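Worksheet for the structure shown next.
The values are calculated or read from the model by the stated rules, or taken from the named source; none is laboratory data. Small disclaimer: the values here were computed from a predicted structure and weren't measured. All Cβ positions, even for glycine, are placed from backbone atoms using ideal geometry, and neighbour counts span all protein chains on display.
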Amino acid sequence: MKRIALVGMPNTGKSTLFNRLTGAQAKVGNWPGITVDLLSARLLLGDQMVQLVDLPGIYDLRGFSEDEHVVTTFFRQNRVDAALVVLNASQIERQLPLLAQLSRLDVPTVLVLNMADEAAALGITIDRDALGGKLGVPVCLISAKHGQGMEQLRGLMLRALRGQVAAAGRGQAAPLDDDALEAALSCAVHVPAQASHVLTERIDRVLLHPWLGLPLFFGIMFLLFEAVFWLGTPLQTALAAGFSALRTAALEPALAGLPPVLSGVLLDGVYNGLGTVASFVPLIILFFLCMAIVEDTGYLSRAAFLMDALMARFGLDGRSFVMILMGFGCNVPALMGTRVMRSRGLRLLTMMVIPFSLCSARLQVFLFFIAALFPPRIAPLVLFSLYVISIAAAMLTSLLFKRRFVNSDPFVLEMPPYRFPTLRQIGLRGWHEVGHFLRRATRFIVAGVVLIWLLTHFPASAAPGGAQTWAGHLGDWLSPVLGPLGIDPKLTLALIFGFVAKEIVIGSLAVIYAQEGSALISTVAHQITWVQAYSFMLFTLIYTPCLSTIATIRSEAKNRAFSVLAVAWPLALAWVVSFAFYQAAHRLWT
Ligand SMILES: Nc1nc2c(ncn2[C@@H]2O[C@H](COP(=O)(O)OP(=O)(O)OP(=O)(O)O)[C@@H](O)[C@H]2O)c(=O)[nH]1
Ligand SMILES: [Mg+2]
C-alpha cells in the first residue's frame, strides 16, 4: 500500500486534516505538541487504498526533542511515497524554511497551506500558482477545520502518487535556499502591514493582564469545576438510582433460578461494580468537555505563560504546568506530552510530578467518599482541599528533586490565536475520551471485581466479607502498615486493587460491602469516620495512580532506576501524609 505522510510545524492542523481525510479520531488541540506519536489510517484515493500517517509537529528536522526524533526515525525506517507539508498559511513567512529542510527527504511533496480562513481574515493573499511555480512543488490552500479545498488536495495527492510531482527542491534548476524562498514569498504572498489577530489581542489584554491574569485564571478554572459538579452530580445520583431500580425490578427476579455463587458473582460482583462506575459517566463527560474547551481555545498556552515564572522557582517551566493541568484529565497523555521538552532533566522532573495530578479516575473515588461522609455544604471545600494537596505534593516533589533533574532548556512559548472549537470537534473529543474511560473501566473492573468477589467469598466456610476469607487475611497482613493511617482491612483491599487502576476502587468497595448505589454510600458512612475517609483519600491521591502510568513512565523515561523512584517516592509520601493527618485529626476530633 502506498504511504503518504503529514509533516509540518506544531499546531498547524495536521491532525485536523488527518481526521478530515480519513475519518479517524486523532486528538486535536490548540497547543503545540498535541500529537506525540505516529498515527496512521487508511483512505480511499481514486481507486486505491492509501495509508496516511500523522506525525508530531516539528520545528526543525535536525532538532533534538523526542518529537523530532520520532519524525526523523520514521523517515529513515519507512518508504514514503509522498509528503504533505502542512504549514499555517497565516505564518507562511516563518514556516516556509521547513519546506526547504524537508527537501533533503527527497520524496514527492505537496505544500498544504492550512488555516486559509485565518489567513483571509488577516488580509493575507497568496497566489498559489505563482508560489508553486517558484518553489517547484504544487501548492494548495485549505481549511482543514471547515473542510475547504479538500477536493483539490485529494487531486494533488493522486498526482503525487502517480509520480507527477517532484520532490521539494528538485522541481526547478535553482536549489531551495534562503534567496529562493525570499523570491517566492515576495512574488506570491502579500501580507498587510498590520496582520494581527484583533480579537485575540483584545482578549489577551485582559486575560494576560500583569496582575489580573493569574486570579482570572484560577477564577475561570474554579467556575468550570463548579459547573461540572453542579450539572453532573444530580445526573449521577439519578443514574445510580436507575441502576438500583433495574436490579430489584428485573435482574434479581431473572437470576433467581441460578446457583447462589453464580448469581452472587453476577449481581454483587459484575453488576454492582459496573453500575457504580457507570453512574459516574455523566460527570466524566462534562469534565472532559471542559478540558477540551480550555485546550481547544488556546487558553492552555496562556496558562503556560502566566505560570512560567512561578514554575521556574520549582525547577519547572510553563509547559510543565500545562502538563500538570492535562494530568487532571488523565496522567498518561500528560506524561507523553512531555516529549516536546528538549531538556532531559526538565522532562524527568515533569514526569515525576505529573502523577500527583488528581485525574478523573481518582475524582470518582473522592466524589463517592465525600458524598458518604461530608455534609453537602462543605463537600466542595473538601474536594477543593484535595486539589490543593495534589498541587502541593507536585510542588514539594519538584523542590526536592530539582537539583537532581536540572532544566537546561530556556523555552520560547508560542502563543496561538484563540480558536473556537466547532461542535463537531467538541463532540468527537468528548466521545473519544468517554470511550477511553469506559474501555479502561470495563477491562479492569470486570476482571478486578470478579477477583475481589472470589477473595471475599472464599474459602467457602468463612462468612462472606469476614476476617476468615482470603481477603480478610490479606487485609490483616497489611494492617501493621496501614492501620496507623486509619485504613481498615476492607479499605486496604480497595487500595491494593486501586494500584492497578483507580477506576476499580469504587467497584471493589461495592463488592466488598455487597452493596451498591445509595445503600453502599450509607454502609460506608456507618463503618468509617470522616477522619478515616479523608486519610484514605489522601493516600489514594498521592500513591501510584495506576499501572498504565507506571508503564508509561517506564517507556518514556527508558530508565529503570527512575521508574522505581517514580513509584517508591509517591508511596512513601502518601504514607507519611496520611499518617500525619490521621494521627493528628484522630486525636483532635474523635
Ligand atoms: N481556523 C482554523 N483552525 C484550524 C484549522 N485546522 C486546524 N485548526 C485548529 O488548529 C489547532 C491545531 O490543530 P491540530 O490538528 O491539533 O494541529 P497539529 O498540527 O496536529 O498539532 P501538533 O499535533 O501539536 O503538531 C486546533 O485548535 C484546530 O482546531 C483551520 O483550517 N482553520
Ligand atoms: Mg497533531
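For (1) in contact with a His (Cβ under 8 Å, 6 or more places away or on another chain); (2) assigned to a helix (DSSP H, G or I); (3) under 25 Å from Ala510 (Cβ atoms), each residue gets a yes or a no:
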| residue | (1), (2), (3) |
| --- | --- |
| Ala292 | no, yes, no |
| Ala309 | no, yes, no |
| Arg342 | no, no, no |
| Gly345 | no, yes, no |
| Met352 | no, yes, no |
| Leu363 | no, yes, yes |
| Ile370 | no, yes, yes |
| Arg377 | no, no, no |
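Yes/no per residue for (1) assigned by TED's automatic domain parsing to the domain that holds Ile126; (2) within 20 Å of Arg319 (Cβ to Cβ); (3) at pLDDT 95 or above; (4) away from ligand 1 (no atom under 11 Å from the Cβ):
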| residue | (1), (2), (3), (4) |
| --- | --- |
| Phe18 | yes, no, yes, no |
| Thr35 | yes, yes, no, no |
| Gln48 | yes, no, no, yes |
| Leu52 | yes, no, yes, yes |
| Arg62 | yes, no, no, yes |
| Ser65 | yes, yes, no, yes |
| Phe74 | yes, no, no, yes |
| Gln77 | yes, no, no, yes |
| Leu87 | yes, no, yes, no |
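Here Asp47 passes the criteria (1) within 11 Å of ligand 2 (Cβ to nearest atom); (2) of a type in the set (Asp, Glu); (3) without any contact (Cβ under 8 Å) to a residue 24 or more places away in the chain except the one numbered (1). Scanning the stretch 123-138 for residues that are in contact with a strand residue (DSSP E or B) (Cβ under 7 Å, 6 or more places away or on another chain) and surrounded by fewer than 19 Cβ atoms within 10 Å (Cβ to Cβ) yields Thr125, Arg128.
Picking from residues in the stretch 13-30 that are more than 20 Å from Met323 (Cα to Cα), without any contact (Cβ under 8 Å) to a residue 60 or more places away in the chain and in a helix (DSSP H, G or I), the one that is nearest to ligand 2 (Cβ to nearest atom) is Phe18.
Gly33 passes every criterion in (1) free of Cβ contacts under 8 Å to residues at least 40 places away in the same chain; (2) near ligand 2 (Cβ under 9 Å from one of its atoms) apart from (1). For the structure I just gave you, tell me whether Ala26 is among the aliphatic types (A, V, I, L, M), at pLDDT below 90 and surrounded by fewer than 22 Cβ atoms within 10 Å (Cβ to Cβ). Criteria met by Ala26. Starting from the stretch 98-119, take each residue that is among the charged types (D, E, K, R) and list its partners that are in a strand (DSSP E or B) and modelled with pLDDT of 90 or more, counting only C-beta distances under 8 angstrom and pairs at least six apart or across chains. What qualifies is Asp117/Ser143; Asp117/Gln148; Glu118/Asn88. Restricting attention to the stretch 97-143 and to residues that are more than 11 Å from ligand 1 (Cβ to nearest atom) and hydroxyl-bearing (Ser, Thr, Tyr), the residue that is farthest from Arg76 (Cα to Cα) turns out to be Thr125.
If the condition is being crowded, with 21+ Cβ neighbours inside 10 Å, aliphatic (A, V, I, L, M) and either part of a helix (DSSP H, G or I) or assigned by TED's automatic domain parsing to the domain that holds Cys546 (or both), then the stretch 311-324 contributes Met311, Val322, Met323, Ile324. Of the residues screened, Ser578 is not one that is among the polar types (S, T, N, Q), part of a helix (DSSP H, G or I) and surrounded by fewer than 18 Cβ atoms within 10 Å (Cβ to Cβ). Filtering the stretch 135-170 to residues that are at positive phi and in contact with a Ser or Thr (Cβ under 8 Å, 6 or more places away or on another chain) leaves Gly149, Gly169. Any residue in the stretch 42-54 that is within 26 Å of Met291 (Cα to Cα) and in a loop (DSSP other than H, G, I, E, B)? No: the stretch 42-54 contains no residue that is within 26 Å of Met291 (Cα to Cα) and in a loop (DSSP other than H, G, I, E, B). Within the stretch 147-156, if we keep just the residues that are in contact (Cβ under 8 Å) with a residue 40 or more places away in the chain and within 32 Å of the chain's Cα centre (by Cα), the residue that is nearest to ligand 1 (Cβ to nearest atom) turns out to be Gly147. Taken over the stretch 106-118, residues that are crowded, with 24+ Cβ neighbours inside 10 Å and either within 16 Å of ligand 2 (Cβ to nearest atom) or at positive phi (or both) amount to 3. Tell me whether the stretch 458-469 contains one or more residues that are in contact (Cβ under 8 Å) with a residue 40 or more places away in the chain, assigned by TED's automatic domain parsing to the domain that holds Ala585 and aromatic (Phe, Trp, Tyr). No, because not a single residue in the stretch 458-469 is in contact (Cβ under 8 Å) with a residue 40 or more places away in the chain, assigned by TED's automatic domain parsing to the domain that holds Ala585 and aromatic (Phe, Trp, Tyr). Considering the stretch 349-384, and only residues there that are of a type in the set (Ser, Thr, Tyr) and modelled with pLDDT of 95 or more, the residue that is surrounded by the most Cβ atoms within 10 Å (Cβ to Cβ) turns out to be Thr350.
For the stretch 414-434, the condition holds for at least one residue, the condition being that it is under 30 Å from Ala119 (Cβ atoms), of a type in the set (Ser, Thr, Tyr) and outside any helix (DSSP H, G or I).
Residue by residue, here is whether (1) closer than 20 Å to Phe405 by Cα; (2) in a helix (DSSP H, G or I); (3) among the small types (Gly, Ala, Ser) holds:
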| site | (1), (2), (3) |
| --- | --- |
| Ser535 | no, yes, yes |
| Leu538 | no, yes, no |
| Leu541 | no, yes, no |
| Thr544 | no, no, no |
| Ala551 | no, yes, yes |
| Glu556 | yes, yes, no |
| Val567 | yes, yes, no |
| His586 | no, yes, no |
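Just one of the listed residues (Phe420, Phe458, Phe401) is surrounded by fewer than 20 Cβ atoms within 10 Å (Cβ to Cβ) and farther than 29 Å from Gly498 by Cβ, namely Phe420. Of all residue pairs spaced 6 or more apart or on separate chains, those with beta-carbon atoms under 7 Å, a first member in the stretch 1-12 that is closer than 16 Å to Ala100 by Cα and assigned to a strand (DSSP E or B) and a second member that is near ligand 1 (Cβ under 6 Å from one of its atoms) and modelled with pLDDT of 95 or more are Leu6/Lys14; Gly8/Lys14.
Selection of the stretch 61-105 for residues being among the polar types (S, T, N, Q) and either within 16 Å of ligand 2 (Cβ to nearest atom) or farther than 25 Å from Arg154 by Cα (or both) yields Ser65, Thr72, Thr73, Gln77, Asn88, Gln95.
Identification of helices (runs of 4 or more DSSP H) wholly contained in the stretch 119-233 with 2 or more residues that are of a type outside the set (D, E, K, R) and within 16 Å of ligand 2 (Cβ to nearest atom) yields no element.
Do we find that Ile58 is more than 16 Å from ligand 2 (Cβ to nearest atom), crowded, with 19+ Cβ neighbours inside 10 Å and hydrophobic (A, V, I, L, M, F, W, C) in this structure? For Ile58, the condition - more than 16 Å from ligand 2 (Cβ to nearest atom), crowded, with 19+ Cβ neighbours inside 10 Å and hydrophobic (A, V, I, L, M, F, W, C) - is not met.
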